[in-house]
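Structure record follows, encoded as structure tokens.
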Amino acid sequence: MEQNLGFYAMLSFFSLFGGYLVTSAILFKFPTLVHKKKNVKFRCKHISHRGGAGENLENTMQAFHHALNVGTDMLEIDCQLTKDGYVVVAHDNNLQRLTGQNIKISNTLLKDLPLIKAVLPVDFHPGREVQGSDRRIPLLRDVFQEFPSIPINIDIKEENDRLIKAVSDLVRENQREDITVWGNFRHTTVKKCQNENPDIHTLFSLRAVVFLTLTFNIGLLPFLPIKEQFLEILLPAAFLRKDKEFFTANKKWRFLLWLMEK
């Protein structure tokens with residue numbers, strides 16, 4: 001009797017597990033059987049990081065025009081908020097690296113923002129420098145008006161409710177919700193973006209990328225709804241090159257980067 005119970009229990013387990021694997025494979029191949037297809041009006045194979053920071057002064061109009069001239073599909077930019085409430089395109093709140101002045105954008109009026117250095121080291125490519133004639137930190141409004149039909153990926157650099165609302169208002173004002181993507185590696189920032197304006201496409205946060213990787217590897221991903229629309233592929237090698245000592249010492253980060261690379 002006990003042997004029969006053990007046999008039927010094992011048979012039930014393998015039947016359920018086999019059914020799970022088959023269903024997972026089918027849904028992975030045909031996700032629209034259970035999920036509504038996302039309404040995305042563009043696809044990008046080439047994205048210019050900071051507008052093409054490896055070739056021109058980052059996040060400048062000159063960089064954006066050059067990136068489009070060489071055939072990029074999307075501009076990736078970063079946004080900050082000035083003291084007087086203007087959304088500007090800049091990666092760092094502290095302008096020491098970018099301009100040589102130890103001031104913060106959030107503490108500075110728009111009219112007082114300094115020019116970008118004439119020659120700027122590429123911080124993600126040690127030993128490389130770029131230069132350009134356009135040294136102004138641009139307004140997001142001007143970028144939208146200059147490139148009204150170009151998909152733009154906005155990295156919300158500071159978890160600031162005023163910044164998120166100001167960016168959302170500009171996107172609405174320029175009627176470009178369908179060709180704009182926003183977010184950040186921080187999960188809380190992405191959630192705030194989704195709550196502020198669900199009509200703008202969002203990026204996967206770092207936490208969501210890890211969750212995506214784990215659920216994919218155990219076959220659970222096809223069963224789960226996904227709210228985000230765009231995934232930025234992380235390059236662990238770039239992280240390790242930039243701060244090898246930190247990532248070598250930090251076991252948690254080393255494991256996460258290894259997992260994402262796999």
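Listed here are the residues, each with its yes/no results for (1) more than 20 Å from C44 (Cα to Cα); (2) in contact with a helix residue (DSSP H, G or I) (Cβ under 9 Å, 6 or more places away or on another chain).
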{"site": "G132", "(1), (2)": "yes, yes"}
{"site": "D155", "(1), (2)": "no, no"}
{"site": "D169", "(1), (2)": "yes, no"}
{"site": "R176", "(1), (2)": "no, yes"}
{"site": "E196", "(1), (2)": "yes, yes"}
Problem - Cross-chain or 6+ apart pairs with Cβ under 6 Å, segment 107-121 first and farther than 17 Å from D134 by Cβ, then modelled with pLDDT under 95 and open to solvent by 50 Å² or more (accessible area, probe 1.4 Å) - result: P121/E129
Exercise for the section: Take L75 and decide whether it is surrounded by fewer than 22 Cβ atoms within 10 Å (Cβ to Cβ), closer than 24 Å to D169 by Cβ and at pLDDT 95 or above. Expected result: no
Handout entry: From the options D84, D142, D92, D112, residue that is acidic (D, E) and surrounded by 14 or more Cβ atoms within 10 Å (Cβ to Cβ)
Key = D92
Problem - segment 178-190, subset within 13 Å of the chain's Cα centre (by Cα) and not in a loop (DSSP other than H, G, I, E, B), residue surrounded by the fewest Cβ atoms within 10 Å (Cβ to Cβ) - result: H187
Practice task
Answer yes if at least one residue in segment 161-171 is more than 21 Å from K38 (Cα to Cα), open to solvent by 70 Å² or more (accessible area, probe 1.4 Å) and in contact (Cβ under 8 Å) with a residue 60 or more places away in the chain, and no otherwise.
Solution key: yes
Practice task
Can you run down the residue pairs with Cβ atoms below 9 Å, 6 or more apart or on separate chains, where the first is in segment 211-223 and free of Cβ contacts under 8 Å to residues at least 24 places away in the same chain and assigned to a helix (DSSP H, G or I) and the partner is crowded, with 16+ Cβ neighbours inside 10 Å and hydrophobic (A, V, I, L, M, F, W, C)?
Solution key: F211/F204; L212/F204; L212/L221; T215/L221
Problem - Qualifying residue in segment 28-48 (condition: open to solvent by 20 Å² or more (accessible area, probe 1.4 Å), more than 24 Å from I200 (Cα to Cα), without any contact (Cβ under 8 Å) to a residue 40 or more places away in the chain and of a type in the set (K, R)) - result: yes
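Can you go through F124, F64 and tell me which one is modelled with pLDDT under 95 and under 25 Å from T189 (Cβ atoms)? It would help to see each step written out before you state the result.
On the way: F64 fails: modelled with pLDDT under 95.
Matching residue, one of F124, F64: F124.
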Handout entry: Only one of L11, L68 that is of a type in the set (A, V, I, L, M, F, W, C), on the phi < 0 side of the Ramachandran plot and exposed (fewer than 13 other Cβ atoms within 10 Å of the Cβ)
Key = L11
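With the condition being in contact with a Cys (Cβ under 9 Å, 6 or more places away or on another chain), I'd like the strands (runs of 3 or more DSSP E) fully within segment 61-177 carrying at least 2 qualifying residues. Steps first, please.
On the way: elements: 74-81, 87-89, 119-121, 129-131, 152-156.
The strands (runs of 3 or more DSSP E) meeting that bar are 87-89, 152-156.
The values are calculated or read from the model by the stated rules, or taken from the named source; none is laboratory data. The structure displayed is predicted, hence computed values, not measured ones. Cβ coordinates were reconstructed from backbone atoms using ideal geometry, including for glycine residues, and neighbour counts include every protein chain displayed. Please note that ligands, DNA and RNA were not included when accessible areas were found on the heavy atoms of the full protein model with its side chains. Shrake-Rupley method; radii C 1.70, N 1.55, O 1.52, S 1.80 Å.
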